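Trainee: The structure follows.
Just so it is clear, none of the values below were taken in a lab; they were calculated from the coordinates. Everything quoted here is computed from the prediction, not taken from an experiment. Counting neighbours? That spans all protein chains shown, and the Cβs are built from the backbone with ideal geometry, glycine included.
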Amino acid sequence: MDAGFIAAEARRLGMCQFASSVDEYGATVLHESAVARESLIRIFEHRLRRAKVRDDGAAVRLVDELLSAFRSAESSEIKLIHLQAGKMEVMLYGEECCERILAIVILSEGDA
């Protein structure tokens, strides 16, 4: 996955701040792995239940959106890519089979 592809997919998903950070700094992959789609769905269903118990509306919305993206995946395996663009740390969830990023979660925006 090159920086141009990541920036283009970020724009497609409406993540313009992240896309501009990738354009400016490039993207450095910190860690990459693959997880079975059904396993990832079970993990996030558990996180959704915990967020509902805590009455954490922001977490419920985020996890709901991630679950929707995972369920719409064509592949049986989801690729997780932890990367850095400038001071911004991001987790990408994607499908290698059709070269598509399903979701982008900003973990840290670094120092403002």
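Trainee: Explain nothing, just the number: dipole magnitude of segment 59-112 about its Cα centre with +1 on each Lys and Arg Cβ and -1 on each Asp and Glu Cβ, in debye rounded to the nearest 20. Working shown, then result.
Mentor: Details: 5 positive and 10 negative charges, 18 e Å.
Computed charge dipole of segment 59-112: roughly 80 debye.
Trainee: Taking the Cα centre as origin and putting +1 on Lys and Arg beta-carbons and -1 on Asp and Glu beta-carbons, what dipole magnitude results for segment 32-84, to the nearest 20 debye?
Mentor: Using only the charged Cβ atoms, the result is roughly 220 debye.
Trainee: Could you tell me which of Tyr25, Ala73, Ile101 has its Cα farthest along the dipole of the chain towards the positive end, charges placed at Cβ (Lys, Arg +1; Asp, Glu -1), taken about the Cα centre?
Mentor: So the residue furthest toward the plus end is Ala73.
Trainee: Follow-up. Could I have the simple spin-label model distance between Arg42 and Gln17, label points 7 Å from Cα toward Cβ, reported in nm to one decimal?
Mentor: If labels sit at Arg42 and Gln17, their model points lie 3.5 nm apart.
Trainee: If you don't mind, another one. Explain nothing, just the number: dipole magnitude of the chain about its Cα centre with +1 on each Lys and Arg Cβ and -1 on each Asp and Glu Cβ, in debye rounded to the nearest 20. If you can, show how the numbers build up before the last one.
Mentor: Numbers: 14 positive and 19 negative charges, 110 e Å.
Taking the Cα centre of the chain as origin, the dipole is about 520 debye.
Trainee: Still on this structure, please answer the following. Among 64-73, 33-42, 89-98, how do they line up from the highest to the lowest mean number of other beta-carbon atoms within 10 Å? Let's see the in-between values first.
Mentor: On the way: 64-73: 15.3, 33-42: 13.8, 89-98: 17.4.
The peptides rank, most packed first, as 89-98, 64-73, 33-42.
Trainee: For Arg71 and Cys97, calculate 0.36 nm times their separation in residues minus their Cα-Cα distance, and state this gained length in nm to one decimal. Don't jump to the answer; show the numbers that get you there.
Mentor: On the way: separation 26, 0.36 × 26 = 9.36 nm, distance 1.53 nm.
Gain on stretching Arg71 to Cys97: 7.8 nm.
Trainee: Once the other residues with Cβ under 13 Å from the Cβ of Asp55 are scored (Lys, Arg +1; Asp, Glu -1), what is the net sum? Please report the intermediate quantities before stating the final value.
Mentor: Details: positive: Arg49, Arg50, Lys52, Arg54, Arg61; negative: Asp56.
Taking every other residue near Asp55 into account, the sum is +4.
Trainee: Suppose R0 equals 41 Å. What FRET efficiency, 1/(1 + (r/R0)^6) with r the Cβ-Cβ distance, do Val53 and Asp2 give to the nearest 0.05? Please report the intermediate quantities before stating the final value.
Mentor: Numbers: r = 41 Å, r/R0 = 1.00.
With R0 = 41 Å, the Cβ-Cβ based efficiency is 0.50.
Trainee: For segment 23-112, what ratio Rg/Rh do Cα atoms give with a Kirkwood hydrodynamic radius? Numbers along the way, then the final one.
Mentor: Working: Rg = 14.0 Å, Rh = 14.0 Å.
Here Rg/Rh amounts to 1.00.
Trainee: Now, a different point. So what is the relative contact order for the chain, in percent, with contacts set as C-alpha pairs under 8 Å and at least six apart?
Mentor: Working: 172 pairs, mean separation 29.3, N = 112.
It rounds to 26 percent for the chain.
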